1. So, in segment 286-297, of the ones that are surrounded by fewer than 22 Cβ atoms within 10 Å (Cβ to Cβ) and out of contact with any Ser or Thr (no Cβ under 8 Å at 6 or more places or on another chain), which residue ends up farthest from residue 259 (Cα to Cα)?
2. Given the structure, is residue 272 touching a residue at least 12 places away in the same chain (Cβ under 8 Å) and within 20 Å of the chain's Cα centre (by Cα)?
3. Those residues that are in contact with a Gly (Cβ under 8 Å, 6 or more places away or on another chain) and surrounded by 14 or more Cβ atoms within 10 Å (Cβ to Cβ), I need them from segment 149-159; list them, please.
4. Taking the condition buried (at least 17 other Cβ atoms within 10 Å of the Cβ) and part of a loop (DSSP other than H, G, I, E, B), does residue 74 pass?
5. Which of the residues spanning segment 195-208 are touching an Asp or Glu at 6+ places or on another chain (Cβ under 9 Å), polar (S, T, N, Q) and under 15 Å from residue 141 (Cβ atoms)?
6. Could you tell me whether segment 122-135 includes any residue that is without any contact (Cβ under 8 Å) to a residue 60 or more places away in the chain, under 19 Å from residue 323 (Cβ atoms) and surrounded by fewer than 20 Cβ atoms within 10 Å (Cβ to Cβ)?
7. Consider residue 345 against the criteria (1) more than 22 Å from the chain's Cα centre (by Cα); (2) at pLDDT 95 or above; (3) surrounded by fewer than 23 Cβ atoms within 10 Å (Cβ to Cβ); (4) more than 27 Å from residue 195 (Cα to Cα): it satisfies all of them except one. Which criterion is unmet?
Amino acid sequence: MRFRVSRITFIAVLASVIIAAPSVALAFDETTTTIPADWDAANCGGCHDPWPHAAIGSGPNSRIGVHGGYTTTTSKCSECHSVHQAPATATLLLPGETIKATCFTCHDGTQGRGVYGAIAARGLTVNGSHSVETTNVVPGGDAETGGSATVFFAGPNGTMSCTDCHSAHGANIVEPFQRERARTGLNVPISAGYVSSQILKQKPGNATTATTEYGSDWCLGCHQGRDAGLSMTHNHPADSASTNASPFVYNNVAILASGVNASTTTTGPLGVNNGGYLMPYPRTPQQTGHAPICQQCHEDARDPGSLTTTGNAGNVTPFTVNSTDGNNAADNPRFQTFPHETTAYRMLIEASATAYTDGLCLNCHPVSQLP
């Protein structure tokens, strides 16, 4: 009886220890962390992250969160991997049945938050998207013909999944760039944007060549048949390594000054400024010798403004984002979910649900200059 009592006591004590044991929240190391100025309770240490391991690049908002900065004192592995309780159908000891299900453990779009789900939650229709875990066909993926290509991805039955574009562990990722999305929990003015690599892989999909900066060449990692430098297929000119020795990238394009009748540009990030989507004619010195990058036509749906009647200047509609996840219908752009899903046809910045209009073309080709 004494042995049984001792055993019961031992089990009770063990259970209390287990219950009292620290959770995976210890990935945020309170003993060594210097709290940054923009940290708050809603932020939870940038995904339980000891500073400065949350930072990749410059600035306090260059976050990588739980996806990098692994040290012997963090507990990040257990945030995404379930060592003894992963579903039998899952791989890599993931807590979800699939990679997408695991990512949505945190990046949940079902309630209208995150990059998937926000548009539908606001009563609108998704008209362009990268369809995760539903397709393995890449439009323009065939470098020989320019047509679609069937590719074996990381999702179920070879479909595209989150990790085909994103590096879950922050390895071999592109350089940080200024993004537009309003982020919940950051005490940073939305108008300032935030700098992040978005943990984008240098080799998305089945790309064989690494791309260190997000721009046209990153898109061409999968959409190889859209390369304007190909001799076999004619594509709209776009700055890339095959067309320009020093191509523009998302973080460095010619930006038209804000306001009415603007005719001068400076170089800077495409994000957080609608002036990067207008190209007056004749081109400004910074625009000369450059074609648009892919993201100057394909991005979140917005009103960038328009060129003047003569086309030698532009009237830039201000970038205005005052709320997260499309809650404010007056925001321009309302949603910042590209390249996951958009309200526009083929993820073009100006288009209806089924087609693009002349407004898109006239951002760079004024009527007065048409042959």
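The values are calculated or read from the model by the stated rules, or taken from the named source; none is laboratory data. No experiment lies behind these values; they were computed from the predicted model shown. Glycine gets a Cβ as well: all are built from the backbone with ideal geometry, and neighbour counts include every protein chain shown.
1. That would be 289.
2. So residue 272 fits the description; yes.
3. 149, 151, 153
4. When the stated conditions are applied, residue 74 passes them.
5. 206
6. yes
7. Every condition holds for residue 345 apart from (1).
A quick yes/no check of all residues on (1) without any contact (Cβ under 8 Å) to a residue 24 or more places away in the chain; (2) under 26 Å from residue 160 (Cα atoms); (3) not charged (D, E, K, R):
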{"residue": "212", "(1), (2), (3)": "no, yes, yes"}
{"residue": "218", "(1), (2), (3)": "no, yes, yes"}
{"residue": "226", "(1), (2), (3)": "no, yes, no"}
{"residue": "243", "(1), (2), (3)": "no, no, yes"}
{"residue": "250", "(1), (2), (3)": "no, yes, yes"}
{"residue": "258", "(1), (2), (3)": "no, no, yes"}
